[in-house]
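All of the numbers you see were taken from the coordinates with simple rules; none came from a lab. This structure is a prediction, so every number in the text was calculated from the model and none was measured. All Cβ positions, glycine included, derive from the backbone under ideal geometry; neighbour counts span all protein chains shown.
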Amino acid sequence: MHTYKNDKRTVLTLDAGGTNFVYSAIQAGEEIVESITKPSYGDDLDKCLQNIILGFELVISQLKVKPVAISFAFPGPADYPNGIIGDLGNLPAFKGGVALGPMLEEYFHLPVFINNDGNLFAYGEAIAGILPEINEELTRVGSKKQYKNLIGLTLGTGFGAGLVFNNLLLVGDNSLGGEIWLTSNRVNSKVNSEEIVSTRSILATYAAHSNELTNDLMPVDIYKIAKGEKHGNREAAKIAFEHFGRGLGDAVANLITLFDGIVVIGGGITGAQEFYMPALFAELQNKFENTNRLVQQVFNYSDVDSKIEFLKSDAKTISIPYSKKTAEYDSKPRIALAHSKLGASRAIQLGAYVFALNNLEK
């Protein structure tokens, strides 16, 4: 793993949204310039590309050293290894495919790395977030167990995921690894997971159970209603987050079954975890007719008591047949589920930075 905190190389970064692009520069894992915000002009390709160039130029003008790369997340489908952006719902100007990476490489004479935001969130948490934290805690309590795999989930307008295996980001042959939003979900088999695990799901479920219009409401308003801090149908608000949590729980269970790694969740909706986590864990602890939903026991790492239980070792010494030697065996497979302490934006930024440095060394 790269020791990014001691690396003096500088990488240009971009936080690309449908409304604004935010530019910065990272050195040793920290921002070294004042970030610059420019409108995205998502429906005008020429304006959009000119603003992308201008944003990076303005960041470079603040630097005292030459950057070594450009690395950032971009929303939606793309051929990420080749830097070609495909059709985007919130940036329609890219329809038909735009070679954004090659354009920036030719203009700035720098290597350019573009990834999905879910991928970089997971990578940042694996390099500098929850994964090293958990491994350090296990070492501190005397456990020999160390985790190498991580599932990163982002909750918000959409439902994203990234997978890290032994410090390697799994992008997939078509740059489509971890597209959790398109998986089916047993909470409602007629729609994909994102229609259950998203801001619009919370609003729609609240509207359906309260018979109220939600045109002027955001998920934070539904959260305040559930807390009793805002006027509204409190029971409907709680049902909205329960529905969301059940859908999230089913998606997490499927990912754990296939990937078997630490789970970390980030994004704005995580502020309402007190209302969706009970339903999430109820789903993880659910059963099929004759079988548990999961082989692994999942612990809530954000809860103090659950964290202590997770860190405990159940390893015992067993004899090796036909030998005088022994082996250590832990018969209780376990996984931790945590919420990001870095925050999604910070994790994505660190993921972009370290991804560039690691690839420069290949």
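Remarks
- All Cα pairs of the chain, percent lying beyond 41 Å: 17 percent
- Gain on full stretching of the segment that runs from Asp79 to Ile318 - 0.36 nm per residue minus C-alpha separation: 81.1 nm
- Taking amide hydrogens as placed 1.01 Å from N in the peptide plane, the amide H of Val33 sits under 5 Å from those of Ala25, each at least 5 positions away in sequence or on another chain.
- Inter-label distance for Lys190 and Gln146, nm, one decimal - labels placed 7 Å from Cα along Cα-to-Cβ: 5.0 nm
- Measuring nothing but how far apart in sequence close Cα pairs (under 8 Å, 6+ apart) lie, relative to its length, the chain scores a relative contact order of 16 percent.
- Separation of the Lys8 and Ile53 label points, Cα + 7 Å toward Cβ, nm: 3.3 nm
- Applying 0.36 nm per residue to the separation of Gln62 and Glu289 and subtracting their alpha-carbon distance, the gain on full extension is 75.5 nm.
- ³J(HN,Hα) computed for each position of the stretch 115-131 - Karplus, 6.51 cos²θ - 1.76 cosθ + 1.60, integer Hz, glycine/proline x: 9, 6, 5, x, 4, 6, 4, 4, 5, x, 5, 6, 8, 9, x, 5, 5
- Gyration tensor verdict on the stretch 174-272 (Cα atoms; rounded if a/c is under 1.5, prolate if a/b is larger than b/c, oblate otherwise): prolate
- Of interest is the spacing of the C-alpha centroids, which for the stretch 319-353 and the stretch 185-226 amounts to 33 Å.
- Summed residue charge, Cβ within 15 Å of Thr183's Cβ, Lys/Arg positive, Asp/Glu negative: -2
- Of Lys64/Lys341; Lys8/Lys145; Lys8/Lys47; Lys38/Lys224; Lys224/Lys341, pairs whose Cα-Cα distance is over 28 Å: Lys64/Lys341; Lys8/Lys145; Lys8/Lys47; Lys38/Lys224
- The stretch 84-151 shape via C-alpha gyration tensor axes, a/c threshold 1.5: prolate
- Residues whose amide H comes within less than 5 Å of that of His339, counting only those at least five positions distant or on another chain, are Ile265, Ser302 (H built at 1.01 Å from N in the peptide plane).
- Once the Kirkwood radius over Cα pairs is known for the stretch 130-341, the Stokes-Einstein relation at 20 °C and 1.002 mPa s delivers a diffusion coefficient of 115 µm²/s.
- Relative packing of peptides 87-97, 138-148, 5-15 - highest average C-beta neighbours within 10 Å first: 5-15, 87-97, 138-148
- Additional length obtainable on full extension of the chain from Thr19 to Lys95, 0.36 nm per residue less Cα span: 25.7 nm
- Shape class for the stretch 4-115, computed from the alpha carbon gyration tensor (a ≥ b ≥ c): prolate, with a/c not under 1.5 and a/b above b/c.
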